[in-house]
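Undergrad: The structure under discussion is supplied below as structure tokens; questions concerning it will follow.
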Amino acid sequence: MSQCVQQRRWVIITGGTRGIGFATAKVLAEKGFALELWYRSRQVGAEVALQALRALGATIHLRQVDVSQRSAVQQALVMLEAESKTIQTLINNAGILQQKPFATISDQDWDQMMAVNLKSVFICAQEIMPKMSCKGASIVNIASSGGQLGGTLGVHYAASKAAVIALTKSLARVGVAVGVRVNCVAPGLIETEMTAQEIASEAGQAKISKQIVLARPGSVDDVAAAVAFLASDQAAYMTGQTLNVNGGLYMA
């Protein structure tokens, strides 16, 4: 495998224009990575992210990709190859959250959750891993403490994230043959647009005060630091691992 020129260490971040994905993009940009930020919708938000990162001097490209659709991922990779971009790192961050009582979860709810949170990780890893030719190539998947703890709300969410953790272990064994490390970050309750309603709720406040040892929600920067570490050479002897960033909500 060839060592990539530092200025051309491209990283794909799915769901990269907001929340944890955007925070991770900022950290990796500071480390010299060039950014391929994939997003599904919200063009306005994507453009805001583009301007913010370019203001930091980042090499960045936005691409609209529905990562739950293999054809969309394949088309994006064809364009990347035409642009002579060599991928060193993949951050599988795209995800959705839905909190519903178990009895009210529909087949459509289940299928959509699995498509976005789990199938997308499978598709991206399967399509991108063979194309990662840089020394130190790595994949970091974003799971959740929900996949470790379970719960009565969002059973389908917990199942999808538990599966991401299991998939990470399998991909680590597959990836060693092509020199790709695969690890996972499992955030706890993190302040994002997606969790704002939960944090503001009575149940959310009780969770913070009674279940989280550090008695506060985490920040996207807390998670981004962990992701960047696993993507770096500092984690060169780590693969198949789940790094928990949850303030003590789950200990293992």
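Undergrad: Which count do you get for residues in region 56-111 that are of a type in the set (S, T, Y), out of contact with any strand residue (DSSP E or B) (no Cβ under 7 Å at 6 or more places or on another chain) and under 23 Å from K31 (Cβ atoms)? Can you show your working first?
TA: Residues of region 56-111 of a type in the set (S, T, Y): 59, 68, 71, 84, 86, 89, 104, 106.
Add one more test, that the residue is out of contact with any strand residue (DSSP E or B) (no Cβ under 7 Å at 6 or more places or on another chain), and what stays is 68, 71, 84, 104, 106.
Right, trim to under 23 Å from K31 (Cβ atoms) and you get 84.
Residues flagged as of a type in the set (S, T, Y), out of contact with any strand residue (DSSP E or B) (no Cβ under 7 Å at 6 or more places or on another chain) and under 23 Å from K31 (Cβ atoms) within region 56-111 amount to 1.
Undergrad: Another question, then. Could we say that I20 is surrounded by 13 or more Cβ atoms within 10 Å (Cβ to Cβ), closer than 19 Å to I142 by Cα and among the hydrophobic types (A, V, I, L, M, F, W, C) here?
TA: yes
Undergrad: Filter region 55-95 for residues that are of a type in the set (D, E, K, R) and surrounded by 13 or more Cβ atoms within 10 Å (Cβ to Cβ) and give the result.
TA: R63, D66, R70, K85 - these are the residues of region 55-95 that are of a type in the set (D, E, K, R) and surrounded by 13 or more Cβ atoms within 10 Å (Cβ to Cβ).
Undergrad: Do you know which residues across region 131-172 are farther than 17 Å from I96 by Cβ and free of Cβ contacts under 8 Å to residues at least 24 places away in the same chain?
TA: Within region 131-172, G150, A166, S170 meet the criteria.
Undergrad: Among the listed residues V176, V223, which satisfies the condition of being touching a residue at least 40 places away in the same chain (Cβ under 8 Å), exposed (fewer than 15 other Cβ atoms within 10 Å of the Cβ) and assigned to a helix (DSSP H, G or I)?
TA: V176
Undergrad: Residues that are surrounded by fewer than 24 Cβ atoms within 10 Å (Cβ to Cβ), of a type outside the set (S, T, Y), touching a His at 6+ places or on another chain (Cβ under 7 Å) and over 24 Å from A72 (Cβ atoms): does region 109-123 have at least one?
TA: There is no residue in region 109-123 that is surrounded by fewer than 24 Cβ atoms within 10 Å (Cβ to Cβ), of a type outside the set (S, T, Y), touching a His at 6+ places or on another chain (Cβ under 7 Å) and over 24 Å from A72 (Cβ atoms).
Undergrad: Looking at region 179-206, which of its residues are among the charged types (D, E, K, R) and in contact (Cβ under 8 Å) with a residue 60 or more places away in the chain?
TA: E193, E198
Undergrad: Restricting to region 226-252, name every residue that is farther than 26 Å from V178 by Cα and either surrounded by fewer than 19 Cβ atoms within 10 Å (Cβ to Cβ) or more than 17 Å from the chain's Cα centre (by Cα) (or both).
TA: If the condition is that a residue be farther than 26 Å from V178 by Cα and either surrounded by fewer than 19 Cβ atoms within 10 Å (Cβ to Cβ) or more than 17 Å from the chain's Cα centre (by Cα) (or both), then G247, G248, L249, Y250, M251, A252 are the ones that fit.
Undergrad: Go through region 89-132 and report how many residues are among the small types (G, A, S), closer than 30 Å to V176 by Cα and out of contact with any Gly (no Cβ under 9 Å at 6 or more places or on another chain). I'd like the intermediate steps shown before the answer.
TA: Within region 89-132, the subset among the small types (G, A, S) is 94-95, 103, 106, 115, 120, 125.
With the extra rule that they be closer than 30 Å to V176 by Cα, the set shrinks to 94-95, 115, 120, 125.
Next, only the ones that are out of contact with any Gly (no Cβ under 9 Å at 6 or more places or on another chain) stay: 115.
Number of matching residues: 1.
Undergrad: Condition test on T192, is it at pLDDT below 95 and closer than 19 Å to I91 by Cα?
TA: Spelling it out, T192 is indeed at pLDDT below 95 and closer than 19 Å to I91 by Cα.
Undergrad: Considering region 179-190 alone, what residues qualify as being over 12 Å from I139 (Cα atoms) and either in a strand (DSSP E or B) or among the β-branched types (V, I, T) (or both)?
TA: Of the residues in region 179-190, the ones over 12 Å from I139 (Cα atoms) are 186-190.
Across region 179-190, the qualifying residues are A186, P187, I190.
The values are calculated or read from the model by the stated rules, or taken from the named source; none is laboratory data. All values reported here derive from a predicted model rather than from experimental measurement. All Cβ positions, glycine included, derive from the backbone under ideal geometry; neighbour counts span all protein chains shown.
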